[in-house]
Amino acid sequence: MPIRGRTIEFHQVLKADGTVHSHQWVVLPATCAPDLSVEDIAARYLAFLRLCTLGLVNPERNADGIALRFLGLPLICLCLPVVTRDETATHADLFINGGLLVQRDSCSRGQLRFSIISTPEQIRIEIRLSDYCPLFLGSHSPTRFRKWLYHITQASIHTLVTIRFLASLCSDLTGIKPPINVVKNSLNGAEDI
């Protein structure tokens, strides 16, 4: 698998139940990162989030979890990572448990998942936000204005940070700064947001 021309794929949608699903991934040769762990990816992502936002969003970890803070205010609160493994995949799940950017009636709904899916030839690194109920959408049946507001703020920032993170990770792991193609995919039965 050639390193040049690497592709990051993603989709970000509003599902019929009013939750946001965002998924980004890149596929690399298995030889690039034989010892890479999902815990490492999660830690790198949180450090990159702080760097990319010039320290305005500061991931703060304590015994109870991780709070993504803006000027000290908890935007999104996550539980500590729960790691699961099987023969071909390893996942680190950080479940959402509150924060100012989460709908009040859905504070314990949603998760941020980091995954490594391996075959002998390649690894697929994924970041997935699922079942998330953003405050900007207002409810499980958001208006067109609310969808627009969420799209131009939180959704765009999340997509930008995550794609840049995967591009940076790809460069770090391969030692080459390849051109990155970004491909947006659709998800059946869901509205792009």
For q values of 0.29 Å⁻¹, compute log₁₀ I(q)/I(0) with the Debye formula on a Cα-only model of segment 62-124, without solvent. -1.15
With Rg and the Kirkwood Rh both taken from Cα atoms, where does Rg over Rh land for segment 1-134? 0.99
Please return the longest stretch of the chain lacking exposed loop sites, where GluC sites (Glu not before Pro) count only if DSSP places them in a loop and at most 13 other Cβ atoms lie within 10 Å. 1-86
Summing Lys, Arg as +1 and Asp, Glu as -1, what charge do residues with Cβ under 15 Å from the Cβ of A30 carry, A30 excluded? -1
Counting only other residues whose beta carbon sits under 12 Å from that of Y132, what net charge do I get with K and R as +1, D and E as -1? +2
For the chain, take the longest principal axis of its alpha carbons; what is the angle in degrees between that and the long axis of helix 156-174, to the nearest 10 within 0 to 90? 20
Given H placed 1.01 Å from N in the peptide plane, which residues other than close sequence neighbours of V102 have an amide H under 5 Å from its amide H? L135
Got a sec to turn the phi values of segment 68-77 into Karplus ³J(HN,Hα) couplings, 6.51 cos²θ - 1.76 cosθ + 1.60 with θ = phi - 60°, whole Hz, x for Gly and Pro? 8, 9, 10, 6, x, 8, x, 6, 9, 10
Of all DSSP beta bridges in the chain, what percent run antiparallel (nearest 5)? 90
Report ³J(HN,Hα) in whole Hz for each residue of segment 112-128, in order, from the Karplus equation J = 6.51 cos²θ - 1.76 cosθ + 1.60 where θ = phi - 60°; Gly and Pro get x. 10, 10, 10, 9, 10, 10, 10, 10, x, 8, 8, 10, 10, 9, 10, 10, 9
Calculated from backbone phi, Karplus (6.51, -1.76, 1.60) coupling profile of segment 140-147 in Hz, x at Gly/Pro: 7, 10, x, 6, 4, 4, 4, 4
Compute the acute angle (0 to 90°) between the alpha-carbon long axis of helix 38-52 and the principal axis of greatest extent of the alpha-carbon atoms of the chain; round to the nearest 10°. 60
Positive-end residue, the chain charge dipole about Cα centroid, Cβ charges, pick of P120, Q24, G55: G55
If each residue of separation counts as 0.36 nm, what is the full-extension length gain between L73 and T88 once their alpha-carbon separation is subtracted? 1.6 nm
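Rule-based calculations on the coordinates, nothing more; no lab input. Since this is a predicted model, take the numbers as computed values, not measurements. Glycine gets a Cβ as well: all are built from the backbone with ideal geometry, and neighbour counts include every protein chain shown.
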